[in-house]
Amino acid sequence: MNEPESTEYGNQFIINDRLEAGRLIAQKLRGRSLRDAFVLAIPRGGVVLGYEIAETIGAELDIVTPRKLVDPYEPELAIGAVMPDGTVFINEAVIAARKIQDKYVSEERARCMKEAIRRLREYRGGMPHPEIRGRLVLLVDDGIATGATIIAAARWVRNEGAARVVIAVPFVPSETARLVRNECDELVCIGMPESFMAVSQFYREFPEVTDKEVIGLLGAYRSAHGSRPKHGLTAPYATPSPIQPR
């Protein structure tokens, strides 16, 4: 396999695609103790990276499906994120600055939690997650903007008893990096740009990844490597607790 290449302009990296991003992250992980590591990728784009990373370091591969809570007037702006079991991150500073009502936040959380459950079941077909308690977990995505989804995922992983949580992404804005570091043991990335408009600006090719591709990658990995679930986790499918007003 050819070594991945990236182009650096000042302190800005431009990489070819998600496959290359995964290989570059795998290189950054060299020299670390990765025994019994477990890669959890965030669909859709993060699964492409997660596949490459898991193949390279010999780890298990699976997914987590946090769902972004969006601003009522600006849908591209995240105000938080929620996991299928209700584990949540709420960006109180953004909500206060935007004067978003508690009722909207509660309804948006409920809506997004249902979608997170649906996506998890669609991608995994109802299979239980392997046990992650006591293990090193690598949370992977194709980039971070606000950090909401990766933070919700990290909190869920912590709650499930992971021994160590490493967030591995190609790019994260320097301001967001400070927030994300509070939620993990280590942040591994290629670059922390000061100027950040969108994750896609750091890729030469950034095509949409489909649900079919996600399911295909997970199926291909299981076919090639099998799965080693120790105990199924019930958290992703647990009945959500009632949503309380903040």
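Its Cα centre serving as origin, the chain has a Cβ charge dipole (Lys and Arg +1, Asp and Glu -1) of approximately 880 debye. Neighbours of LEU19, meaning other residues whose beta-carbon lies under 11 angstrom from its beta-carbon, give a summed charge of -4 when Lys and Arg score +1 and Asp and Glu score -1. For the chain, the alpha carbon positions stretch 52, 46, 32 Å along the principal axes, listed from largest to smallest. Placing +1 on the Cβ of every Lys and Arg and -1 on the Cβ of every Asp and Glu, with no other charges, gives region 76-201 a dipole of roughly 360 debye about its Cα centre. Neighbours of GLU122 by Cβ distance under 15 Å: Lys/Arg scored +1, Asp/Glu scored -1, total +4.
Between LEU138, TRP156, ALA93, the Cα set farthest toward the positive side of the dipole of the chain (charges on each charged residue's Cβ, about the Cα centre) is that of TRP156. If R0 is taken as 35 Å, the Cβ-Cβ distance between ILE57 and ILE14 corresponds to a FRET efficiency of 0.90. Net charge of the neighbourhood of LEU77, taken over other residues with C-beta under 9 Å away and scored Lys/Arg +1, Asp/Glu -1, is -2.
Straight-line reach from LYS114: taking Cα to Cα under 19 Å and skipping same-chain neighbours fewer than 8 places apart, the lysines in range are LYS68, LYS103.
Packing around the peptides 44-51, 98-105, taken as the average count of other Cβ atoms within 10 Å per residue, puts them in this order, highest first: 44-51, 98-105. Only alpha carbons enter this Debye calculation for region 121-165, each as an equal point scatterer, and the log10 of I(q)/I(0) it gives at q = 0.16, 0.26 Å⁻¹ is -0.52, -1.02.
Calculated mean residue ellipticity, 222 nm, the chain: -11500 deg cm²/dmol, from DSSP H runs (n ≥ 4) at -39500 (n - 2.57) each, averaged per residue and rounded to 500. Among 77-88, 20-31, sorting by the average number of other beta carbon atoms lying within 10 angstrom of each residue, highest first, gives 77-88, 20-31. Scoring 112-122, 192-202, 178-188, 147-157 by mean Cβ neighbours within 10 Å over their residues and listing the highest first yields 147-157, 112-122, 178-188, 192-202.
FYI, it's all coordinate maths here, none of it is from the lab. Remember, it's a predicted structure, so these values are computed and weren't measured experimentally. Neighbour counts run over all protein chains shown; Cβ positions are idealised from the backbone, glycine included.
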